Amino acid sequence: MNMTKQIFVSFILLGILTGPLHVEAGGRVSLLKPRKSGTISRAEILRKRPNWILSEQISRRLSKRTRETYQQAKLAQQERAHSRGLTIGEPVRAVRRAKDMPTAQVYKDKPFLTTREQTANYMIAQSNRLFVKELARMDQLWEQLDLHMSELKEAAAHTPQPAEPITWLAQQIPAKTSILFLGEVHGYSELHNAATQLLQLLRQREPHRKIILLTEFLPENFRYTANTPTKDLHLADFEPVWKEALRNNIEVIGLEPLHVIKDTCSMEYFNQKNNKIKIGSHWAHLEGVRLRNEAWARTLEKYRTENPDALFVVYSGSAHSMYNFPFTLSTALTKEVPFVVTLFPDVIYKMKSGGWLVASLEETPVPFEEPLEQMTQTGAFPQKTLQFQDAELAKLAGFDVRLRLPIDRTRYALDHGFE
């Protein structure tokens with residue numbers, strides 16, 4: 001096509017997109033069609049927002065991509081007939097309340113995303129693509145777990161079962177450790193107490209070393225001090241941990257980006273086990289976790305530059321640090337010497353069919369099935385304390401030490417508002 005034809009075709013396309021042409025007096029062609037007073041034509045919109053056409057095209061393409069990747073992720077999920085547990089990830093169908101999406105902060109490196117809906121759909125498509133890749137990675141992990149199952153069980157059988165597990169744990173952390181990952185399941189006061197006790201023991205063991213506690217449960221770069229009002233904490237349940245850290249001369253610094261904390265969006269995802277759509281935290285899908293972990297890693301690297309010899313304790317949900325999880329911090333920070341600890345409850349309370357917690361202390365709780373058992377066999381590792389001193393086995397299992405701690409059901413009921 002020669003240059004004259006290209007200009008002509010482009011002119012016609014622009015006319016189609018902006019409205020019919022209007023011939024003015026003198027034979028001039030105008031893109032402004034006659035309009036009523038007080039209305040704004042597409043041409044005026046285009047003049048004020050020159051990227052409007054491109055933005056509309058991006059929106060349509062991302063909407064289509066969201067639908068396509070959701071179906072691809074569902075198909076990949078359904079092709080695996082077994083019910084073996086994943087680490088994290090499900091096919092994501094939609095983001096609810098996308099109007100609340102903090103667009104500018106989520107993808108600073110993607111200026112073509114100019115609306116909240118675009119950002120939400122981009123995240124969905126990315127998460128679904130990551131899910132397909134994650135299934136392929138999990139195929140390999142499942143195979144390796146099966147191959148080394150007898151070794152894992154043998155190591156479990158030889159793990160001591162101490163009466164004081166936190167005291168024992170503090171003695172297992174190698175002196176060369178530069179970053180201790182303390183991962184929990186949220187919602188249990190006993191796990192917070194365990195973190196508090198471990199900080200005390202770490203200070204006793206390392207009386208002169210600088211120790212910094214960096215945590216998911218405070219905003220990025222936020223420093224907790226003795227003067228921090230409780231009302232300024234979005235998760236006040238953790239304040240006893242921060243107070244104990246200060247008493248032991250341990251700095252407390254937040255990791256979670258503020259726009260993640262303030263985001264009120266939620267996601268719709270397809271749960272294969274229940275064969276239905278469920279609602280979950282918007283930042284808990286694969287792309288959300290990837291973005292958060294990358295942000296945390298940048299913060300950790302910044303403070304490491306400032307504190308080359310300090311012991312870092314990273315306190316978060318276990319999914320952010322277990323060796324065998326995607327985008328995990330424990331392997332992303334290649335210059336660190338990590339030690340990964342996971343804290344789980346020994347039991348979990350059943351759910352009623354409607355999804356509500358059983359509101360009775362008389363209900364019998366069931367054993368908590370942690371990720372290693374979900375990925376291998378239910379009840380395969382019944383020990384309260386589990387340790388893998390072999391580095392390769394630890395990488396497969398996801399941790400160096402796993403503790404199942406007893407939960408007081410009366411306290412749990414009070415903490416969660418039921419009797």
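The values are calculated or read from the model by the stated rules, or taken from the named source; none is laboratory data. Quick caveat, the model's predicted, so the values are computed rather than measured. Cβ placement follows ideal geometry from the backbone for every residue including glycine, while neighbour counts extend to all protein chains displayed. Each accessible area value is taken on the protein alone, full model and side chains, heavy atoms only, with ligands, DNA and RNA left out. Shrake-Rupley method; radii C 1.70, N 1.55, O 1.52, S 1.80 Å.
List of remarks:
- Failed item, numbered, when residue 215 is tested on (1) of a type in the set (Val, Ile, Thr); (2) surrounded by 15 or more Cβ atoms within 10 Å (Cβ to Cβ); (3) at pLDDT below 95: (3)
- Residue in the range 185-197 that is open to solvent by 10 Å² or more (accessible area, probe 1.4 Å), in contact with a helix residue (DSSP H, G or I) (Cβ under 6 Å, 6 or more places away or on another chain) and among the hydrophobic types (A, V, I, L, M, F, W, C) present: no
- Close pairs from the range 57-77: first without any contact (Cβ under 8 Å) to a residue 40 or more places away in the chain, partner open to solvent by 30 Å² or more (accessible area, probe 1.4 Å) and among the aliphatic types (A, V, I, L, M), Cβ under 7 Å, at least 6 apart: none
- Residues satisfying the stated conditions in the range 96-113, i.e. open to solvent by less than 70 Å² (accessible area, probe 1.4 Å) and more than 21 Å from residue 269 (Cβ to Cβ): 103, 110, 113
- Enumerated helices (runs of 4 or more DSSP H) restricted to the range 22-120, each holding at least 3 residues that are modelled with pLDDT of 85 or more: 52-78
- Matching residues in the range 152-163 - criterion: being open to solvent by 80 Å² or more (accessible area, probe 1.4 Å) and part of a helix (DSSP H, G or I): 153, 154
- Any hit, the range 279-290, residues being touching a Cys at 6+ places or on another chain (Cβ under 9 Å) and buried (at least 21 other Cβ atoms within 10 Å of the Cβ): yes
- Positions within the range 99-116 being within 18 Å of the chain's Cα centre (by Cα) and of a type outside the set (Ser, Thr, Tyr), in sequence order: 101, 102, 105, 106
- Considering (1) crowded, with 17+ Cβ neighbours inside 10 Å; (2) of a type outside the set (Val, Ile, Thr); (3) farther than 22 Å from residue 71 by Cβ, the lone condition that residue 298 does not fulfil carries the number (1).
- Filtering the range 340-372 to residues that are of a type in the set (Val, Ile, Thr), surrounded by fewer than 13 Cβ atoms within 10 Å (Cβ to Cβ) and either at pLDDT 90 or above or part of a strand (DSSP E or B) (or both) leaves only 366.
- Subset of the range 117-151 (residues that are closer than 16 Å to residue 92 by Cβ, among the charged types (D, E, K, R) and open to solvent by 50 Å² or more (accessible area, probe 1.4 Å)): 117, 129, 133
- In the range 389-404, the residue that is most open to solvent (accessible area, probe 1.4 Å) out of those that are assigned to a helix (DSSP H, G or I) and within 13 Å of residue 154 (Cβ to Cβ) is 393.
- Breaking point among (1) at negative phi; (2) touching a helix residue (DSSP H, G or I) at 6+ places or on another chain (Cβ under 8 Å), for residue 89: (1)
- When we screen 189, 178 for residues that are at pLDDT 95 or above and of a type in the set (Gly, Ala, Ser), the only hit is 178.
- In the range 235-254, the residues that are outside any helix (DSSP H, G or I) and open to solvent by less than 10 Å² (accessible area, probe 1.4 Å): 250, 252, 253, 254
- Residue 382 meets each of the listed conditions (1) open to solvent by 70 Å² or more (accessible area, probe 1.4 Å); (2) closer than 19 Å to residue 173 by Cβ; (3) assigned to a loop (DSSP other than H, G, I, E, B) apart from (2).
- Selection count where residues are without any contact (Cβ under 8 Å) to a residue 40 or more places away in the chain and surrounded by 14 or more Cβ atoms within 10 Å (Cβ to Cβ), scope the range 167-178: 1
- Test: residue 181 is assigned to a strand (DSSP E or B) and either under 21 Å from residue 387 (Cβ atoms) or without any contact (Cβ under 8 Å) to a residue 60 or more places away in the chain (or both): yes
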